[in-house]
Amino acid sequence: MSLRTLYPEIEPFDSGMLDVGNGHQVYWERSGTKGAKPAVFLHGGPGGTISPKHRRLFDPKLYDVILFDQRGCGKSTPNASLEANTTWHLVADIERLREMA
């Protein structure tokens, strides 16, 4: 498979909202193979969001993929909030999500 070829469409096997404190809830979803090599996908920003196409960047047989909407983005709440939304908050959120895999 070429680096430009996407894997077939896949639906998440799990998703939810993670309470990360300070009034923020982060939307996350997992696809691929539960228990396989973990991969945490970071979308662009500021203001970006995940999309179904992002799931197709990873071989679902090899990876347990966690995609999430960063604080203030996409399905995460509160939307467009800058309060308690620093780089260090985002790093802590990523670590909590990584521990889920």
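The values are calculated or read from the model by the stated rules, or taken from the named source; none is laboratory data. Not measured: the values here are computed from a predicted model. Please note: Cβ atoms are built from the backbone with ideal geometry, for glycine as well, and neighbour counts cover all protein chains shown.
Please determine, by comparing only the residues of the stretch 53-63 that are out of contact with any Phe, Trp or Tyr (no Cβ under 8 Å at 6 or more places or on another chain) and either surrounded by fewer than 16 Cβ atoms within 10 Å (Cβ to Cβ) or among the acidic types (D, E) (or both), which one is farthest from M100 (Cα to Cα).
K53
One residue is enough: does the stretch 79-94 have a residue meeting the conditions at pLDDT below 95, assigned to a loop (DSSP other than H, G, I, E, B) and among the aliphatic types (A, V, I, L, M)?
Within the stretch 79-94, one or more residues are at pLDDT below 95, assigned to a loop (DSSP other than H, G, I, E, B) and among the aliphatic types (A, V, I, L, M).
Does any residue of the stretch 1-12 turn out to be in a loop (DSSP other than H, G, I, E, B), of a type in the set (A, V, I, L, M) and modelled with pLDDT under 95? Write out each step before concluding.
At the first step, the residues of the stretch 1-12 found to be in a loop (DSSP other than H, G, I, E, B) are 1-12.
Checking the rest, the ones that are also of a type in the set (A, V, I, L, M) come to 1, 3, 6, 10.
After this cut, where a residue has to be modelled with pLDDT under 95 as well, the list is 1, 3.
Yes.
On the given criteria, is G45 of a type outside the set (D, E, K, R), under 16 Å from L18 (Cβ atoms), part of a loop (DSSP other than H, G, I, E, B) and more than 11 Å from the chain's Cα centre (by Cα)?
It is false that G45 is of a type outside the set (D, E, K, R), under 16 Å from L18 (Cβ atoms), part of a loop (DSSP other than H, G, I, E, B) and more than 11 Å from the chain's Cα centre (by Cα).
Residue by residue through the stretch 14-37, note down the ones that are farther than 18 Å from L90 by Cβ, assigned to a strand (DSSP E or B) and either in contact (Cβ under 8 Å) with a residue 24 or more places away in the chain or not charged (D, E, K, R) (or both).
S15, G16, R30, S31, G32, K37
Between I66, I50, which is assigned to a strand (DSSP E or B) and buried (at least 16 other Cβ atoms within 10 Å of the Cβ)?
The unique qualifying residue is I66.
Looking only at the stretch 25-40, how many residues end up being surrounded by fewer than 17 Cβ atoms within 10 Å (Cβ to Cβ) and under 8 Å from the mean Cα position of the chain (by Cα)?
1
Go through the stretch 1-14 and give me each residue that's in contact with a Leu (Cβ under 9 Å, 6 or more places away or on another chain) and closer than 30 Å to S81 by Cβ. Before you say what the answer is, go through the steps one by one.
Looking only at the stretch 1-14, we keep the residues that are in contact with a Leu (Cβ under 9 Å, 6 or more places away or on another chain), and these are 6-7, 12.
Passing the criteria: only P12.
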